[in-house]
Amino acid sequence: MTTVVVVGSGIAGLTAALHAAENGCQVTVVTKGSLSDTNTRWAQGGVAAVTDPGDSVASHAADTLTAGAGLNDPTAVDVLVGEGPERIAELVARGVDFDRTLGGDFARGLEAAHAVPRVLHAGGDATGAGIQTALGAAVRSAGLTVRENALLCDLVRDGGRVVGVELDGGERIEADAVILATGGAGQLYAHTTNPLGATGDGIAAALRAGAEVADLEFVQFHPTALAAGAPFLVSEAVRGEGATLIDDAGRRFCFDAHPDGELAPRDVVARANARAMAAQNGRPVRLDATALGAELLAQRFPTIDAAVRERGLDWALEPIPVTPAAHYLMGGVVTDLDGRTTVPGLYAVGETARTGVHGANRLASNSLLEGAVFGARAGDAAARGGDWPVAAASTAAPRAAAAIDAPPFSRAALQRLMWADAGLVRDATGLDRAAAMLAAWSADTSPRSIEDANLLLVARHVVSAARARTVSVGAHYRSDADAEGAPVVPASTAPTQEVLAC
Ligand code: SIN
């Protein structure tokens, strides 16, 4: 019997695990927290997919390509949007209770850069929690082995092939296939919508095993994290329902950046926020949802409503302060369309992977869909086994940086550095400084040394990729270069990272 270890238990990991098991594999799910302690559980807005006869996969594909600034792999996009409806049906069959209209049809939300409302949601803004609960229950009832509180230490290799995992503490689990589904690395940044566990564990382990990574410079910053108390995501779906972004003067500034205003692609809106913040000495911009009314806000967005009210704000009565925060990594471990990395025996799915589906900027609510579609394909492929068609390639070491005397390493120092020098707005000076600091640091003595070493390794590759891409494109915005790479002199109204250093 084929043995499969899946590392990570969000939508991508559990979908892969269920598909592998349903194809006859013996599956072990390894996760460093509890089964439900994942980034998926935090997802609010929903899952984008074509479920309405008035919509089309061509339209969903076009929106995905436009948001990705032309750097998407069109074949991967076709797979994502084409197989989306089938995966939605599968989620429903596994018990995900998507919200419905009174007539029983799916309730579909509108989000930025979508031509039509196509975002399915559950529990209003608790979509991820609904999916996590249903998939967790399916994994338990299918009798898969689940190892909780088991941190991936490294991949076990034999003759160039991955043959298992080593857990913190030294235990090894052998497997014919290992599927990495550990999510992204939002903890690289001082301000993030991601949970504490988003430390790039799978990407770092794949790098150590010699796998190729790509597009790591494309870090998505969500435009609207609450700027009161701990960062908390305020879903794009709120703007989809009609909320607006205003500056201190009450002006809707997003139309200065794009004709679609608040519903422009996410990278455009995030930079528009930064620009508006720069013009008002760093004070957060405000999300005005007052026109939606208290009842709709509480019913459609119960999770956000509670978080806003916990912070002593009433968003039915007054606009709330918001600011960009690191949200999603478009790049990751390079895979084919079945999740195969460049190292035989090793698969990667979801935010850990780079299929090319997102290009330079992910379309809103395509991430849960990505987890479902490519998780299913990887689980099926691991069960099929067979040849390893991906050409062997590995990732070059990060470009050398000037030697410096660095202050001691700490996770907080790393997060501040990445925020300041490799954040929403970058330039050569900051990226060179970050590269030098990262090269000088070691996480060996850190109390959370495995996760911190993973963050440090991923940070070096993010910065190296950002230094190598000398043009501004999608989420990789350089204040010192335009889309063709020509030098630019920043205008006084340009977005700057300094003002975001709150
Ligand atoms: C959101 O609800 O705004 C986030 C959804 C996503 O990241 O696609």
- Please enumerate the residues belonging to the stretch 19-72 that are among the β-branched types (Val, Ile, Thr) and under 30 Å from ARG147 (Cβ atoms). VAL27, THR28, VAL29, VAL30, THR31, THR38, THR40, VAL47
- Taking the options ALA264, ALA230, ALA185, name whichever one is within 30 Å of ALA16 (Cβ to Cβ) and among the hydrophobic types (A, V, I, L, M, F, W, C). ALA185
- Query: PRO223: at pLDDT 95 or above and over 23 Å from the mean Cα position of the chain (by Cα), yes or no?
  - Reply: no
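Going by what's in this entry, would THR51 be described as at pLDDT 95 or above, in a loop (DSSP other than H, G, I, E, B), under 22 Å from THR192 (Cβ atoms) and among the hydroxyl-bearing types (Ser, Thr, Tyr)? Show your work before the answer.
Working: at pLDDT 95 or above: yes; in a loop (DSSP other than H, G, I, E, B): yes; under 22 Å from THR192 (Cβ atoms): no; among the hydroxyl-bearing types (Ser, Thr, Tyr): yes.
No.
Kindly indicate whether any position in the stretch 192-209 is charged (D, E, K, R) and closer than 24 Å to GLU262 by Cα.
Our first condition is that a residue be charged (D, E, K, R); within the stretch 192-209, this holds for 201, 208.
Imposing the further condition that a residue be closer than 24 Å to GLU262 by Cα reduces the set to none.
No, because not a single residue in the stretch 192-209 is charged (D, E, K, R) and closer than 24 Å to GLU262 by Cα.
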- Message: Can you say whether ALA69 is outside any loop (DSSP other than H, G, I, E, B), surrounded by fewer than 22 Cβ atoms within 10 Å (Cβ to Cβ) and more than 16 Å from the ligand (Cβ to nearest atom), as far as the supplied structure shows?
- Response: no
- Query: Could we say that PRO231 is at pLDDT below 95, touching a helix residue (DSSP H, G or I) at 6+ places or on another chain (Cβ under 7 Å) and within 16 Å of the ligand (Cβ to nearest atom) here?
  - Reply: no
- Of residues in the stretch 32-63 being without any contact (Cβ under 8 Å) to a residue 60 or more places away in the chain and of a type in the set (A, V, I, L, M), the one surrounded by the most Cβ atoms within 10 Å (Cβ to Cβ): ALA61
- Message: If I filter the stretch 263-284 for residues that are among the aliphatic types (A, V, I, L, M) and without any contact (Cβ under 8 Å) to a residue 40 or more places away in the chain, do I get at least one hit?
- Response: yes
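Residues checked against (1) within 13 Å of the ligand (Cβ to nearest atom); (2) out of contact with any strand residue (DSSP E or B) (no Cβ under 8 Å at 6 or more places or on another chain):
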site: ALA107; (1), (2): no, no
site: ALA113; (1), (2): yes, yes
site: LEU120; (1), (2): yes, no
site: ASP125; (1), (2): yes, yes
site: LEU135; (1), (2): no, yes
site: LEU144; (1), (2): no, no
- Task: Look through the stretch 1-48, keep the residues that are assigned to a loop (DSSP other than H, G, I, E, B) and among the β-branched types (Val, Ile, Thr), and return whichever of them is farthest from ASP380 (Cα to Cα).
- Result: THR38
- Query: surrounded by 24 or more Cβ atoms within 10 Å (Cβ to Cβ), part of a strand (DSSP E or B) and touching an Asp or Glu at 6+ places or on another chain (Cβ under 9 Å) - does that describe any residue in the stretch 166-181?
  - Reply: yes
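The values are calculated or read from the model by the stated rules, or taken from the named source; none is laboratory data. The structure displayed is predicted, hence computed values, not measured ones. No Cβ is skipped: glycine too gets one built from the backbone with ideal geometry, and neighbour counts run over all protein chains shown.
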